[in-house]
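Laboratory data are not the source of any read-out in this text; all were calculated from the coordinates shown. Quantities reported herein were computed from a predicted structural model and do not represent experimental measurements. We place every Cβ from the backbone using ideal geometry, glycine too, and count neighbours over all the protein chains shown.
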């Protein structure tokens, strides 16, 4: 049986209860929650890179949305818009080739 100790979506315990699967549950501290979200982001990006599905991308977006609520990242949307205005987005599909120091 595979062991785990990770941040999960809010309704996962309900699913486990319905299936009669035993588990232990606790609530993360603020610092642990932040760290677990960052680990979850890597996990979800890795899964998206393997599968490239809409479902996996939705998981990445969900983690990003959760990170955006944290105090240290609360202004990220403002910064994203500012960077897009200054440097543009990726809409024009520009690929550069060259050398970088």
Provide Rg and Dmax in Å for segment 1-42, with only Cα atoms included in the calculation.
11.6, 31
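Compute the convex hull volume of the Cα atoms of segment 37-77, divide it by the residue count, and report the result per residue in Å³ as a whole number.
Numbers: hull volume 2.3 nm³, N = 41.
In segment 37-77, the Cα convex hull volume per residue is 57 Å³.
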Extending each Cα 7 Å along its Cβ direction at residue 57 and residue 32, get the distance between those two points in nm, one decimal.
3.4
Note the angle between two axes, namely the Cα long axis of helix 30-51 and the longest principal axis of the Cα atoms of the chain, as a number of degrees from 0 to 90, rounded to the nearest 10.
70
Can you give me the distance in nm between label points at residue 24 and residue 65, each placed 7 Å from the Cα along the Cα-to-Cβ direction?
3.1
Can you compute the equivalent ellipsoid semi-axes for the chain, i.e. the square root of 5 times each eigenvalue of the Cα gyration tensor, sorted largest first and rounded to whole Å?
34, 18, 13
If you line up the long axis of helix 76-87 against the longest principal axis of the chain, both from Cα atoms, how many degrees apart are they, to the nearest 10?
20
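Give me the mean projected area, in nm² to one decimal, of the convex hull enclosing the Cα positions of segment 11-69.
4.9
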Whole-percent pair-distance distribution, where bins are 10 Å wide, for the alpha carbons of segment 56-100
22, 34, 34, 11
With axes computed from alpha carbons, what is the tilt in degrees of helix 54-69 against the longest principal axis of the chain, rounded to the nearest 10 within 0 to 90?
90
